[in-house]
Structures are given as C-alpha cells and as structure tokens.
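The values are calculated or read from the model by the stated rules, or taken from the named source; none is laboratory data. Quantities reported herein were computed from a predicted structural model and do not represent experimental measurements. Positions of Cβ are backbone-derived with ideal geometry, glycine not excepted, and every protein chain shown enters the neighbour counts. Areas reflect the complete protein model, heavy atoms only, side chains present, ligands, DNA and RNA absent. Shrake-Rupley method; radii C 1.70, N 1.55, O 1.52, S 1.80 Å.
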Amino acid sequence: QKVHDALSEKGMRPLLDIERVDRQSESAFRKWAGQLSTALGTELAVDYRPALPRTFAFRLVDRKDYGVEPDAFTSVLRFVPDRKGGSLWQRLGGARLPSFEPGDLIGFVPPGDAVARFYSLASASNDGFVEICVRRHPKGMCSGYLTSLVPGDVVEAFIRPNPSFRPAAGMAPVILIGAGTGIGPFVGFIRHNAAERPMHLYFGARRSGDAFLYDKELAQLVGKQQLTALTTALSSPSEKTYVQERLLADAPALRNLVA
C-alpha cells in the first residue's frame with residue numbers, strides 16, 4: 001500500500017487497482033492473477049502454494065454439540081497437545097507450544113486441500129487446552145472435517161496471534177456483541193475476567209434450549225460476576241428478536257458505558 005501510494009504521488013498510474021489477499025486466500029490470489037493476465041494480454045500459469053508455519057499435534061479430548069439438525073449443528077471442540085502424535089521435536093519436548101490468548105487464531109488445513117482455515121480461540125494457553133466453536137456447513141470442507149472428529153483423534157494445527165482482537169487493559173466497561181459461533185472468543189474473555197471488570201454481552205442465537213451455545217456456563221459466569229449482564233436475542237419464529245433491537249432498547253445505558 002505504501003509503495004502504491006508513493007508511486008501514485010509521483011504521477012504514475014497503476015496497471016490494476018490494488019488488491020489484497022487476506023490470510024493467503026487461494027481464491028483471492030487466483031482472482032488477482034486473472035485480472036493481471038487480462039491486463040497484460042497474456043495467460044499466466046498460477047502455481048499457488050501457501051506457506052504454512054510449523055504445526056503442532058493436538059488431540060481432541062472433548063466435544064459438545066448444539067442443535068439437532070444433522071447438517072447444521074455447532075460443536076464446541078476442546079484439544080490438548082499430543083506429543084505422541086507430533087513431530088520429533090514436539091515429542092522430545094524440544095519446543096514449547098506457543099502462548100496464546102482468547103481471540104487469537106488457530107489454523108487447520110483440511111485433508112485434500114492446501115489452504116488453512118482459521119478459527120478464533122475460546123481459551124488461553126494457561127488453560128491447558130485449545131477450544132474452538134465450529135458450525136457445520138453443508139459442503140464445508142474444514143467445518144465438516146472438524147465436526148466429524150471424535151475424542152482421541154489427532155489433528156495438526158498452528159497458532160496465529162491476533163492481538164487487535166481482545167479488550168485493552170484496564171477496568172473500563174467492555175461491551176461484547178456477537179452471534180452464533182462468534183461467542184467463542186467472548187466466552188474466553190469472560191472466563192479470564194478474574195478482576196470482575198464490567199462486561200456486557202449481547203448475543204444473538206436462533207433459539208434457546210439445545211441450540212444455545214454455552215448456556216449453562218454463561219449463567220455460571222453471571223453468578224460469579226465475571227459477566228455483568230447477558231442480553232440475548234432469539235431469532236426463532238416464536239421469539240423473533242434481533243441484537244439490533246436489544247441494543248436500541250438499551251441505548252441510554254450503552255451511551256453511559258461508552259462515556
């Protein structure tokens with residue numbers, strides 16, 4: 001971006017508008033290569049090989065499924081390091097697992113593909129486990145792979161820091177707004193709120209009961225005062241409420257929190 005801007009200021013004109021490839025997306029890279037091919041008037045051979053960092057072996061030790069639809073349920077998956085299934089340096093303890101916080105990312109490369117998929121972590125390294133929340137999507141290559149795992153299965157994955165996605169230090173109130181599997185890292189933030197910092201969670205779900213993620217734990221976190229308030233919006237036909245409506249209803253209180 002800086003080079004692009006500097007050259008533009010010198011009066012140069014780009015052959016193409018600037019493009020960005022997010023998280024080594026193969027489809028985004030091939031789209032850019034196609035645009036460049038057209039602009040140059042020649043066909044380009046694209047051999048895309050994403051560079052992946054060193055992986056660790058993780059063993060699934062627990063899973064909890066939410067929802068009853070066979071192709072659209074959500075699983076909370078918990079993994080622990082598996083030195084037995086890891087590389088030589090991991091088995092010998094030659095390298096420690098990287099430290100991570102809730103909101104950091106874990107990358108998986110599903111079998112038969114070369115591009116990593118990333119999921120936000122609901123745990124920190126000092127918890128002793130890796131936890132993610134995955135919704136199974138019809139024909140979803142990675143979500144289908146992860147939600148088909150059973151306890152004891154071992155997978156390869158890597159951690160990627162995401163420091164911009166976590167509350168800043170201090171005791172200022174925190175307002176968390178999300179829906180579906182986006183609640184995963186929020187639960188991690190709240191679990192680690194030992195200082196009882198004011199945290200207000202607005203969470204959108206399809207319905208209560210078996211489909212409501214982390215339902216019992218959220219109630220416990222409110223009881224421990226690690227979560228100050230939980231406001232839900234259920235979009236099922238019988239409820240038909242949305243997060244936006246809950247936010248508007250609480251507008252005066254939210255303005256005070258922001259102030």
| field | Check on Pro53, under 20 Å from the mean Cα position of the chain (by Cα) and not in a strand (DSSP E or B) | value | yes
| field | In the stretch 170-183, residue most open to solvent (accessible area, probe 1.4 Å) [restricted to those that are within 18 Å of Ile132 (Cβ to Cβ) and among the β-branched types (Val, Ile, Thr)] | value | Thr181
| query | Quick check, is Leu227 assigned to a strand (DSSP E or B), aliphatic (A, V, I, L, M), at pLDDT 95 or above and within 23 Å of the chain's Cα centre (by Cα)? | reply | no
| task | Scan the stretch 121-134 and give yes if some residue there is touching a strand residue (DSSP E or B) at 6+ places or on another chain (Cβ under 8 Å), open to solvent by 30 Å² or more (accessible area, probe 1.4 Å) and within 30 Å of Pro70 (Cβ to Cβ), otherwise no. | result | yes
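Table: residues versus (1) aliphatic (A, V, I, L, M); (2) touching a residue at least 12 places away in the same chain (Cβ under 8 Å); (3) within 18 Å of Ile132 (Cβ to Cβ).
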residue: Ala168; (1), (2), (3): yes, no, no
residue: Glu196; (1), (2), (3): no, yes, no
residue: Met199; (1), (2), (3): yes, yes, no
residue: Phe203; (1), (2), (3): no, yes, yes
residue: Arg206; (1), (2), (3): no, yes, no
residue: Leu221; (1), (2), (3): yes, yes, no
residue: Thr231; (1), (2), (3): no, yes, no
residue: Val243; (1), (2), (3): yes, yes, no
| request: Confirm whether Ala95 is at pLDDT 85 or above and either exposed (fewer than 14 other Cβ atoms within 10 Å of the Cβ) or under 16 Å from Phe158 (Cβ atoms) (or both). | output: no
| task | Could you tell me which residue of the stretch 64-84 is farthest from the chain's Cα centre (by Cα), considering only residues that are in contact (Cβ under 8 Å) with a residue 60 or more places away in the chain and crowded, with 18+ Cβ neighbours inside 10 Å? | result | Asp82
| field | Pairs where the first residue, in the stretch 2-24, is without any contact (Cβ under 8 Å) to a residue 24 or more places away in the chain and the second is among the aliphatic types (A, V, I, L, M), C-beta under 7 Å, 6+ apart | value | His4/Ile18; Leu16/Leu36; Leu16/Ala39; Val21/Ala28; Asp22/Ala28
| If you go through the stretch 135-142 one residue at a time, do you hit one that is open to solvent by 60 Å² or more (accessible area, probe 1.4 Å), modelled with pLDDT under 95 and either touching a His at 6+ places or on another chain (Cβ under 6 Å) or among the small types (Gly, Ala, Ser) (or both)? | no
| field | the stretch 209-259, residues that are open to solvent by less than 90 Å² (accessible area, probe 1.4 Å) and touching a Gly at 6+ places or on another chain (Cβ under 7 Å) | value | Asp210, Ala211, Ala233, Ser235, Val243
| Selection count where residues are under 28 Å from Arg136 (Cα atoms) and touching a Ser or Thr at 6+ places or on another chain (Cβ under 9 Å), scope the stretch 219-248 | 10
| note | Of the candidates Arg197, Arg246, Arg160, Arg206, the one satisfying the condition of being of a type in the set (Lys, Arg) and closer than 30 Å to Asp113 by Cα is Arg160
| remark: Of the candidates Phe158, Phe186, Phe165, the one satisfying the condition of being open to solvent by 50 Å² or more (accessible area, probe 1.4 Å) and of a type in the set (Phe, Trp, Tyr) is Phe165
| query | Among the residues of the stretch 27-48, is any closer than 29 Å to Ala114 by Cα and touching a strand residue (DSSP E or B) at 6+ places or on another chain (Cβ under 7 Å)? | reply | no
| query | Got at least one residue in the stretch 236-254 being among the acidic types (Asp, Glu) and touching a His at 6+ places or on another chain (Cβ under 9 Å)? | reply | yes
